[in-house]
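Some notes on the structure that comes next.
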Amino acid sequence: MTKTRFESILRIAVALVGFAAVTWSASSAHAVEGTELTSRKAIWAPLLPTYQGDSGDSVGFLTDIRGHHRFDGYRTSVEGNVTYAVSDNTEMYGFDAIIRDTWTFGVQDLSAGTGYSQMEWKQEIGDNELDNSYRGAVVVAGWETAFGRRPVWVDLRLGLYDLDGQFVSSDGLTTGSNNKFTTTYGIDVKHDICVWGIPGRTVLGIDYLADYATWDGANMGFDDAVVLKAGFELLLY
């Protein structure tokens, strides 16, 4: 990763932290048992490899729907989410289905699980399209605790994907494709809040994609990418 890319990440990260700080407040945590349905609204900053002369760095909007159900009397829960994110020339659709176990130790919970994950990325510049399709497994681990009266949630994520990259020019005559096994790494830090009387959480997150398919005008290749997120999720049910 170049010095310029690192400086871009640092500037956007500072801006996202500032945004999240606006919604930061103390409240008591609501239970993780039973059924929970939430929706997240966030600033989304994908820092992608250069494409068609564009730096690949942009800022946009992310929204998702997340569902969680923990069976009564058991430590096992099922959860899933559907995500959509967009910026100037980049779109991403995502889907996860996960089974997770949670162990309680006093005021803190530890959890771990695994499941299926999928991400579909699309970049369009001048009607030329670059697609990155990630499909595979995800391993998650979580830690929920309270510092004083401040409930804090930390979620770790490891993605194990089959990556298919494809480029198609606007005239359909120039194409390219590439495939490889790759990994992604992510961390989300959440804090319970209450917005207009509705329980929710602020969310700060960063994801690292070890490989992202690229197009240099003649050949397919791979480079790394970083995604930053900051926003809040509200309890719907």
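A97 to F71: extension gain in nm, 0.36 nm per residue of separation minus the Cα-Cα distance?
7.8 nm
Charge dipole (Cα centre; +1 on Lys/Arg Cβ, -1 on Asp/Glu Cβ; no other charges) of the stretch 79-237 amounts to roughly 800 debye. Computed over protein heavy atoms with a 1.4 Å probe, the accessible surface of the chain works out to 50 Å² per residue. The share of accessible area on the stretch 56-137 that comes from carbon and sulfur is 59 percent, using a 1.4 angstrom probe. Sites count as exposed loop sites when they are trypsin sites (Lys or Arg not before Pro), lie in a DSSP loop, and have at most 15 other Cβ atoms within 10 angstrom; the longest stretch of the chain without one is 150-237. Could you please state, rounded to a whole Å, how far the C-alpha centre of the stretch 126-155 is from the C-alpha centre of the stretch 40-82? Using only Cα atoms to place each centre, the spacing works out to 6 Å. Stokes-Einstein diffusion for the chain, with the hydrodynamic radius set to the Kirkwood value over Cα pairs and evaluated at 10 °C in a medium of 1.306 mPa s, equals 84 µm²/s.
Using r as the Cβ-Cβ distance of V82 and K41, and R0 as 22 Å, what FRET efficiency do you calculate, to the nearest 0.05? Approximately 0.95, to the nearest 0.05. Computed from Cα positions, the angle between helix 3-22 and the longest principal axis of the chain comes to roughly 30 degrees.
The values are calculated or read from the model by the stated rules, or taken from the named source; none is laboratory data. Not measured: the values here are computed from a predicted model. Backbone-built Cβ (ideal geometry, glycine too); neighbour counts: all protein chains shown. When the accessible area is computed, the model is the full protein with side chains, heavy atoms only, and any ligands, DNA or RNA have been set aside. Shrake-Rupley method; radii C 1.70, N 1.55, O 1.52, S 1.80 Å.
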